[in-house]
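Below is one structure; the comments refer to it alone.
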Amino acid sequence: MGKAFRHYWLPVMLSSELPEADGKPFPVEVCGERIVVFRDSNGTIGALDEFCRHRGASLLLGRVENCGIRCIYHGWKFAVDGTILETPNVNESHFKDRFKARSYPIQDVGGLVWIYLGDPASAPPLPNWAFMKVPERNRLPVVAIVNCNYVQLMEGVVDSSHLSILHTVGLKATDAVDLDFARKTNHMQFDAAPILEAEETDFGFHYVALRHNDRGAEPVTEARVAAYVSPCFVLNPNGDIFFSFTPINDERVLFIHVWWDAEKPYGEEPLRSQQLSFVGLDQETLAEFGMTRETSAMPERARRENNFMQDRDAMARGHFTGLPGFVQEDAAVSMSGGTIRNRSKEMLSHADVAIIRLYRSLLKSAKLVANGEEPVAVHSDVSKIAGACGILKPDEEWRDLVPDHRPVKKQDALVR
Ligand code: FES
Ligand SMILES: [Fe+2]
């Protein structure tokens, strides 16, 4: 998958985390590559190999000045594209013209900063996600760090059956709050075993959770469709979150949420703070649990050794998990099996049909790349891929909710 990931543009940080011109360089690790991101005097963003092309000192210590970044060890200076501008400790004036530093294509679009790790000459166009088109005030991007392999966290968002169990407290709280998210997920607390179907598409797969609701006068079927877009992106059934599970390395993942809506100003107060604190993505809760850039490596934050700071007293008083929010519940269960969990012993069931489909898509990409081909969805038009939810009319099937998705073939349909 390391090779496969080098075919895609990957979001690695928030636009708001970008340094100002000649400001402090920013460290990025993605797929195990250590990169320094900086903005030169003209405002141009650059992404270079973190370690100096001379003898490997970190450019995070560097000086960003006069249209380049200068290593403080021997003063070699690099432009945003990797051109070597100065080598003050070398007498020969043409020495620096013979080579370059490794630079990575980088773009700031949709509130996120995207990097391409592969050969720049073969970089595809940046995907045109729907959230990129709305104004900044209608978008709420946020990052969190989780100390486990990216697949472990990603499988949680294509796992509808854990929602009404792991997140039981949060779902009950949806009774009391007036957030769109709450309204659209509230009913799930009444049905822990939805009917699930998953289907391969040209971009990865989509899957549906069908819940029959006979609490009203007319029994109805509610359908919630999520889309997985290779290699690490998911669109939620409410149609208002883009998730990315960008691998930092094999044992750490950058968990990106972008809430977005054509009308609602998710990026502005009070909606912004309400939304973040409802799911546990406010900076205070993230920092306490060890999910921010500053805290994720701190030993006193949530980890296996302290049982993820689970509050057993709260559990005795009736809280189901003893964990502070949706996101911390997901993070704790994802990390608890080990940073790279042993998958040879798992017992997949009818409830895991989307997980199986996820594994197959990842394996397909890995095999394609091993055969010298392009992995899944590198050139997909992602603009019309969507999550969706709704009440199905008697003559309607759930695929009608996502008419722009193209199934590869109908299989994996698993109806109990
Ligand atoms: S190591 Fe950077 S200039 Fe020598
Ligand atoms: Fe979850």
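Of note:
- Cys with no candidate disulfide partner in the chain (beta-carbon separation under 4.7 Å rule): C31, C67, C148, C232, C389
- Distance histogram for the chain (every C-alpha pair counted, 20 angstrom bins, percent rounded to whole numbers): 25, 55, 18, 2, 0
- Net charge dipole size for segment 2-122 [Lys, Arg +1 and Asp, Glu -1 on Cβ; Debye, nearest 20]: 340 debye
- Ranking of L18, L117, L235 by count of other Cβ atoms within 10 Å, fewest first: L18, L117, L235
- Estimated dipole of the chain in Debye, rounded to 20 [Cβ of Lys and Arg +1, of Asp and Glu -1, Cα centre]: 1040 debye
- The alpha-carbon of K409 sits under 15 angstrom from the alpha-carbons of these aspartates and glutamates, leaving out residues fewer than 8 places away in its chain: E197, E199, E200, D202.
- Farthest towards the positive end of the charge dipole of the chain, among the residues Y228, N138, L163, is the Cα of Y228, using unit charges on the Cβ of Lys, Arg, Asp and Glu.
- Proximal lysines relative to K133, as straight alpha-carbon distance under 24 Å, when same-chain residues fewer than 8 apart are discounted: K184, K264, K384
- Coil-residue chymotrypsin sites (Phe, Trp or Tyr not before Pro) of segment 19-123, DSSP, other Cβ within 10 Å capped at 14: F99
- Take the Cα of E92, go 7 Å toward its beta carbon, and the backbone nitrogen atoms of segment 41-67 under 20 Å from that spot belong to 53-56.
Here, each number is a calculation from the coordinates, and none is a lab measurement. Being a predicted model, the structure only gives us computed values, none of them experimental. All Cβ positions, even for glycine, are placed from backbone atoms using ideal geometry, and neighbour counts span all protein chains on display.
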